Each structure stands twice: as structure tokens, then as C-alpha cells.
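Each reported figure results from applying straightforward, stated rules to the coordinates on display, with no laboratory input. These numbers were taken from a predicted model, which means no experiment stands behind them. Every residue, glycine among them, receives a Cβ derived from its backbone with ideal geometry; neighbour counts consider all protein chains shown.
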Amino acid sequence: MKNKANQITLIYTLFALFLAIISFKLAKQYSTYLDCYNFSFIKDIFFITVTGILFRYILSKNDKRNTEINKNLRQTNDKLKESNEKYDIVAKATSDTIWDWKIPEDHITWNKGIKGIFGYSQDQVGKNSKWWFDNIHPEDSIKMSIKLYSFLEQKTEKWQDQYRFKCADNSYKYVLDRGFILKDENGKAIRMIGAIQDITKQKEEENRLKLLETVFTEAKDSIIITQAVSSDNQIPTIVFANPAFSKMSGYEHSEIIGKSPNFFMGENSDLQEIEKLTDCIKNKKECFLEIILYKKDQSEYWVRLSFIPVYNLDQNISHWISIQRDITEEKKLEKEKEILIRELTQNNKDLKQFSYITSHNLRAPLSNLTGLLNLIDDFTIEDEELKEILTGFKLSTHLLNETINDLARVITIKDSPSIQNEELQIQTIFKNILNQLHIQLEKIKPKLNIDYGNVTKINTNKAYFESIFINLLNNSLKYRSKNRDLTIDITILEKNNTITIHFKDNGIGIALERHNNKVFGLYQRFHNYPNSKGLGLFLVKSQIETMGGTISIQSEVEKGTEFTLTFKSH
Amino acid sequence: MLELIMCVDDDPISLMLFKKVVNKALFANEIINATNGEEAIILFNTINNTTNLKKPQLIFLDLNMPLMSGWEFLDLFNASNFFNLNNTKVIILTSTIDPEDIKKSKSYSNVIEFLSKPITIEMLDYLKSKI
């Protein structure tokens, strides 16, 4: 263009010079014939006209070419713009962050994604590969760079890797980075372009699923998943089984898949339980059962299993999940326990029978003795010595009879755990009790204080209640101190559905530290008193415990004894 | 006063005692006895087969006896209409305390009382008022 302009200018200058010289020569030669002024004027007109035409030609030609160039330029520009837009849209649509690395210069440019996804503003983004590498999680960094450089060395065309990339807020995102390489004519890598995809969500989901999977693989309980339905009348076939199931059943994983759980059942598997399970599957209901299964070596084992339907999004059953636990040991213990209980019950029954027989055999001659002694009363005996002998004989027989009767009562209490209760007026019961002890009370005349507190009624067994307090009162009378008048305080109080009765005397007391555990025991006697059988407190404790109550004791030698009894109000 | 009663007991002292107390209490004119259930059945058989013999109005029955216990006797006695023509009432007189026995005695409609040995004049007076 420049050359052409010079060319045209040169041609034009030469032509103008030539014309000027010609017209000068002509003017000089023919000056005589020619009017000098007219000639000059005509010459100028001619020159101007020719120049004008020439100019027009050149200008119009130039103009035409310029318009064409301009048009081309605009088209190119539009194309560029469109392609740029497309690129941005694609980047946006894929949420990819695109980077462009000019390797020899070590210069990287990033697209808008670096802000949109990782939160870096333009001035935070580094211009070289160091910035990129620095933001990769330390745990991933070495592995990633090794892979990347080995890729660059091998000069294959494509590369991809997963790593954690640091965001502007210092958190990390899992990314999938894919890139390809551009080479010069010598095959040297000069440029690499890549797209980073944020896969944090997928990765988290993957980790979650992996964690969930460990439940399946690591569980000590057997887990199997079966199909939703079965074509034959069997339990649907197994599609998954965890290692625990393999271990429990003794079958390899491959031997289990495709089998129906029926496969593991055998002749001792309870048919009713199997039917229960098939019914549940038919009715799409969850099921729990205990059944005998067979291992590969045909040995039996007990499992407790659940069979639970799994629904898909359309609310149709897609699978069944069954969790099974080996309860063979449990079953064995249960069976042993059952046998033990049966044996104990039988022993207990035998012992009870034995005690009834013994007591009968003791009572039979004893009742004869008592009956015969009753007859003696009608005779007048003159011989004093014989009278003395008979009196002793009678006393001993009565004592023996009482002991046997008390023992019999103990057996009867132990034998009837459920007793009849009735609602009784507490004042009436105590009146009754005192009436029964009338003779002894008249003889000793103790100071007796009964404080009924807030209690008017008690729901209890009359016979037991009376027996308990007759025993306690008898003890107080029997073991009173010779040094002071006997005082008995009975305090009754109801609180929180429990009636508490404190029974306190100022008698000779019991050396508890010596007898602590034996106070309520059978045949325990703590005083060298005649007529003491060592049965009273044992009987009291048996009776109160049969009614669901408790009894405790506090005592000090030569100070007195206090019993605390509790009864249920209802 | 009853005309004739029967006492079934294997213990001779018990029988002796029973006789003495019955006499003292003026409870019955005559007492016949058997020492076990089987003997009692044979005795009843004789009574039934002999026209002139009186039938006992009341039986005092012990439970624990050799050969045939009180329960076995009751079952046999009640099962046969022949032995039970006059619907004789039975009183169990025993030294057992097994509550099962007391419960069992209630299942026999002709057992009217369950008494613990020894027999006393008071008991017989009470029975007099009951019959």
C-alpha cells in the first residue's frame, strides 16, 4: 500500500514535470505565434482535468478496497465475540474453571470460575504454576505433581487427576482436573490447557457411601439383601451377603449369591417359623423370627433374624434386608437354664413334700401325746411325785407341739406366695392383737403407747399381720429388763404409699454386732431363756416378706430393741 | 347322740384316744373301726350284705394309711353307689398340714370337715351342733 502510494506519487510527479518541461519548450519555440497567457491557461486546465480524473480513479479504487477490508474485519470480530461468549457459557454450564498454562514462560491465566467456585478475586490469583501448586492440599500435592510431571515427560495428550484445592476462605474443595497439552513442531510441550471441575459433593457422597458400606462389610451380624419377589414359592434369592454371613454359614460369597435363604434351612428348621416368614413376604410385612439354619458342613446353628422390606421411590418393594445373629450359645444357655429351673422346681417340690411328710410323722405321735395328756386332766392324782412327773411331761409336750406348729406355719407361708389381702381398720387389728395377749399383758402391765399417725386403714393379710405383732409383743414381754418397767412404743406413719411401723421396747436388747446376719435366721437364739425356740423372728420376716414388706432391726444391749417394718399401702 | 360311727386309722393309740374322747363327750353309742382303707371297704361290704347290721352315720377318716390311703378309700367309696347308699358323711381327722390336702378335701361333697389331731371333746361338741 505504501509502496503503491509512493509509486503513484512518483509517476504523477514525473508526468507533471514532463508536462511542465514540454509546455515550457513549446512556449519558448512558438512564443511568437502563441499568446503566452492563453497557452498557459489551456495547459493548466488540461493538467487540472487530467489530474482530477486520475485522482478520482485512484481514490475510488482505494475506497472500494477499504470497504471490503472493513467488512471482513467486522465479520472476524463478530465471530471472535461469539466464540468467546460460547466459551464463557460452556464454562459456566459445566461450572468448570479453565486454566491456560504457557509452559516456557510459566504463566497461567484462569477464567471466571476461579472466582465463582473458589472465591478468589482477580488480584488474589497468582500468575504462575507455583500459585496453583501451593493451593493444592498438602496430602495430595506430591502425588498430583508426580503424576503431572510424568505426564509432561511422556508427552501424552491427555491428563486427569483428583485433588483438593484450597478456596479463598481456606476450606478445600475436591476437584477433578482434566487437561491437554499443546506441542511445538519439535514435540516440546509449550502450552497446557485444563478444566477444573468441583466434585466436592460427589466426593462427600462417595465417602458417605463408603462409610455406609463399612456397616455392611464390617458388621459382626450377618446381613443379606434379597430380591423383592421370587418366582417359585421360596424366599427371594440373595443378591448381596456380607462377610459375616459367609463366616457364619461357612459358605463362600459366590456360593451364597443367587441362593434362596431356604437353601440354608433343613430338617430341624421350624416349619411354622418358615411359614411365618413366607407369609410376611407375601403380605409385604417385616418379620422377626428365631430358627435353626445349617452351615456348609451341615452343622446346625440358631439365628435370630429380621426380614425387612426396602422400598424404592415408587413405593414398591425393591429388596428385602435380613439381619441375622447367631444365638446358638444363647439358646444353649437358655436350654440349660430351663433344665436347671425344672430340676430346681422338682427338688423344691420334693423337699416340700418331704417336709410335709416329716411334719406329719412328727405330728401324728405328738397329737396322740397331747390327746392323752388332755385325758389325764380328768383324773385326780394323789402321788405328788407322779403329779410332778406328769406336769413336766405335759409342759414338754406342749412346747414340742408349739415348735412343730410354728415350723408347719413356716412351711405353709413359704408355700403360698400369693396371699389374700383385705382392707382393715388399723385400730381394730391392734385391739384384736392386744386381746389375744390379754393374760400376759395383765400379768406384766407394760406401758404401751400406740401412735396411729395419719393411718386409719391398712391393706394386708389379717392372719399374718396379727401373727407378726403377736410375735414382736411376745418377744418384748419375754425379753424385758428386770431393772426397769417395760415400755413399748408403736409409731405408725404413711408416706409415699408405704406404711412404716416403728416398734420399740426398752428390753434387754440383742448384741447385733455379734449376731447381725442371724437375727432373722431359722433357729437362732440370742438369750439363754427357757421356752425360746428361735423361730419367732424368722416367722415374722417370712410373713412380712410374703406380703411384699420389709423389716429391719436396731438394738443395743440393756437399752432396748427397735424394729422398723414397712408395708405397701395398696 | 349318734348310734354308730366308724373310725378309720392305722394308729392304735389314735384309735384308743378316739374311743375314750367319744365316750367322754357322749358323742356316739358305738364305734367300729378299721386300720386302713381296704379294711374299711371290707367292713362296709359286710355291713351291706348283712341285713340286720346297723350302718355307721359318720366316718372319721385318717389320710396316711398303709395298703389303702384315706383318699383311695374316698374315691372307691364314693364311686360305688352300693357303698354309699345312705350318703354317709365323712370327717377327715389327720395330722397332716399340707394345704394341698385341705384343698383336695373340699372337692368331695360328702367330706364335711377337715380336723387336725388330736381329737378333743370341744371338737366333738362342735360337730354335734353341726350335724
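State which entries of A:K158/A:K188; A:K482/A:K559; A:K495/A:K541; A:K443/A:K482; A:K79/A:K183; A:K4/A:K61 exceed 18 angstrom in Cα-Cα distance in the structure shown.
Values: A:K158/A:K188 15 Å; A:K482/A:K559 12 Å; A:K495/A:K541 22 Å; A:K443/A:K482 14 Å; A:K79/A:K183 26 Å; A:K4/A:K61 12 Å.
Result: A:K495/A:K541; A:K79/A:K183 exceed 18 Å.
Place a +1 charge on the Cβ of each Lys and Arg in the range A:242-288 and a -1 charge on the Cβ of each Asp and Glu, then give the dipole magnitude about the Cα centre in debye, rounded to the nearest 20. Don't skip to the answer; put the middle values down first.
On the way: 6 positive and 8 negative charges, 49 e Å.
The dipole of the range A:242-288 has a size of about 240 debye.
I'd like the FRET efficiency for A:S231 and B:S107, computed as 1/(1 + (r/R0)^6) with the beta carbon distance as r and R0 of 60 Å, rounded to 0.05. Could you put the intermediate results ahead of the total?
Details: r = 62 Å, r/R0 = 1.03.
According to the calculation, E is roughly 0.45.
Using a 7 Å offset from the Cα along the Cα-to-Cβ direction at both B:I131 and A:S481, what is the distance between the two label points in nm, to one decimal?
The modelled label-to-label distance comes out at 5.8 nm.
Using amide H atoms built 1.01 Å from N in the peptide plane, name the residues 5+ places from A:T487, or on other chains, whose amide H lies under 5 Å from its own.
Result for A:T487 returns A:K447, A:N506.
Can you give me the P(r) profile for the range A:2-73? Cα pairs, bins 10 angstrom wide beginning at 0, each as a whole percent.
Final binned percentages: 16, 35, 24, 15, 7, 3, 0.
HN-Hα J couplings of the range A:246-256 from phi, Karplus 6.51/-1.76/1.60, θ = phi - 60°, integer Hz, Gly and Pro as x?
Each residue of the range A:246-256 in turn: 4, 5, 5, 8, x, 8, 5, 3, 5, 7, 8 Hz.
When the distances between all Cα atoms of the range A:393-502 are binned every 10 Å from zero, what whole-number percent does each bin get?
Whole-percent P(r) values from 0 Å outward: 11, 36, 35, 16, 2, 0.
What does the average come to when, for each residue of peptide B:116-123, you count the partner chain Cβ atoms lying within 10 Å of its Cβ? Working shown, then result.
Details: counts 4, 9, 13, 3, 4, 3, 1, 0.
Mean inter-chain Cβ contacts per residue within 10 Å come to 5.
Have a look at B:M16, A:A244, A:I108 and report the one farthest towards the positive end of the charge dipole of the protein assembly as shown, computed about the Cα centre with Cβ charges (Lys/Arg +1, Asp/Glu -1).
After comparing all options, I get A:I108.
Looking at A:S60, A:I22, A:N3, which one has the Cα that reaches farthest to the positive end of the dipole of the range A:2-73 (charges on Cβ: Lys, Arg +1; Asp, Glu -1)?
Positive-end residue among those listed: A:N3.
If I take all pairs of Cα atoms in chain A, what percentage of them are more than 43 Å from each other? Present the calculation step by step, with values, prior to reporting the outcome.
Working: 110421 of 162165 pairs.
For chain A, the share of Cα pairs beyond 43 Å comes to 68 percent.
Hey, can you grab everything whose amide H is under 5 Å from the amide H of A:N461? Only 5+ residues off in sequence or another chain; H modelled, so Pro and N-termini drop out.
A:E422
Sort A:140-148, A:486-494 by packing, meaning the average of other beta carbons within 10 Å per residue, with the highest value first. Mind showing how you got there, number by number?
Numbers: A:140-148: 14.8, A:486-494: 17.8.
Descending packing order for the listed peptides: A:486-494, A:140-148.
Just tell me which lysines come within less than 30 Å, Cα to Cα, of B:K24; anything on the same chain fewer than 8 places away is out.
A:K387, A:K394, B:K54, B:K55, B:K89, B:K106, B:K117, B:K128, B:K130
So for chain B, averaging the separation of alpha carbon pairs under 8 Å that are six or more residues apart and normalising by length, what relative contact order in percent results?
On the way: 193 pairs, mean separation 34.0, N = 131.
Relative contact order for chain B comes out at 26 percent.
Can you tell me, using C-alpha contacts under 8 Å and at least 6 residues apart, the relative contact order of chain A as a whole percent? Please report the intermediate quantities before stating the final value.
Details: 715 pairs, mean separation 35.5, N = 570.
Taking the mean separation of contacting Cα pairs over the length of chain A, I get 6 percent.
Hey, rough spin-label estimate for A:K28 and A:K220, points 7 angstrom out along Cα→Cβ, what's it come to in nanometres?
Going from the A:K28 label point to the A:K220 one covers 13.0 nm.
With θ taken as phi - 60° and the coefficients 6.51, -1.76 and 1.60, list the Karplus ³J(HN,Hα) couplings across the range A:122-127 in order, rounded to whole Hz; mark glycine and proline as x.
Rounded to whole hertz, the list is 3, 7, 7, 7, x, 9.
Can you give the calculated 222 nm mean residue ellipticity of chain A, where each DSSP H run of n ≥ 4 adds -39,500 (n - 2.57) and the sum is split over every residue, rounded to the nearest 500 deg cm²/dmol? Don't skip to the answer; put the middle values down first.
Values: 16 runs with 287 residues, N = 570.
Computed ellipticity for chain A at 222 nm equals -17000 deg cm²/dmol.
Suppose R0 equals 22 Å; then what is the FRET efficiency for A:L17 and A:I48 from their Cβ-Cβ distance, rounded to the nearest 0.05? It would help to have the intermediate numbers written out before the result.
On the way: r = 16 Å, r/R0 = 0.73.
That pair, A:L17 with A:I48, gives E of 0.85.
For A:R363, A:R409, which order do you get if you count the other beta carbons within 10 Å of each Cβ and list the fewest first? Mind showing how you got there, number by number?
On the way: A:R363 23, A:R409 17.
Ranking A:R363, A:R409 by Cβ neighbours within 10 Å, fewest first, gives A:R409, A:R363.
Does anything in the range A:466-485 have its amide N under 15 Å from the 7 Å Cα→Cβ label point of A:L441, and if so which residues?
Only A:466-478 fall inside the zone, counting backbone N under 15 Å.
So for the range A:416-568, taking the charge dipole from beta-carbon charges (+1 Lys/Arg, -1 Asp/Glu), which of A:Q425, A:V540, A:H515 sits furthest toward the positive end?
The residue sitting farthest along the positive end of the dipole is A:H515.
Quick one: helix A:328-376 against the long Cα principal axis of chain A, what's the angle to the nearest 10°, folded into 0 to 90?
Once rounded, one gets 10 degrees.
Give a quick list of GluC sites (Glu not before Pro) in the range A:13-119 that DSSP marks as loop, anything other than H, G, I, E or B, with at most 16 other Cβ atoms within 10 Å.
Listed in order of number, the matching sites are A:E105.
Charges only on Cβ, +1 for Lys and Arg, -1 for Asp and Glu: so what's the dipole of the protein assembly as shown about the Cα centre, in debye to the nearest 20?
So the dipole magnitude of the protein assembly as shown works out to roughly 4940 debye.
Enumerate lysine pairs in the range A:245-368 that are 8 or more residues apart or on different chains, then count those whose Cα atoms are under 16 Å apart.
Values: A:K247/A:K295; A:K247/A:K296; A:K259/A:K295; A:K259/A:K296; A:K276/A:K284; A:K276/A:K285.
Lysine pairs meeting the criterion: 6.
Check the cysteines of chain A one by one and keep only those with no other cysteine Cβ under 4.7 Å from their own.
A:C36, A:C167
Throw me the Rg/Rh for the range A:334-390, computed over C-alpha atoms with Kirkwood Rh, two decimals.
Numbers: Rg = 22.6 Å, Rh = 15.2 Å.
Over the Cα atoms of the range A:334-390, Rg/Rh equals 1.49.
Under unit Cβ charges (Lys, Arg +1; Asp, Glu -1), what dipole magnitude, rounded to 20 debye, does the range A:2-73 have relative to its Cα centre?
340 debye
Rg and Dmax of the range A:95-205, using alpha carbons, in Å: what are they?
Computed over the Cα atoms of the range A:95-205, radius of gyration and Dmax are 13.7, 45 Å.
If you average the sequence gap of Cα pairs under 8 Å that are 6 or more apart and divide by the length of the range A:191-280, what percent do you get for the contact order?
Details: 76 pairs, mean separation 18.5, N = 90.
That works out to 21 percent.
Return the distance in nm (one decimal) between the two label points of a simple spin-label model at A:K210 and A:K332, each offset 7 Å from Cα along Cα→Cβ.
4.0 nm
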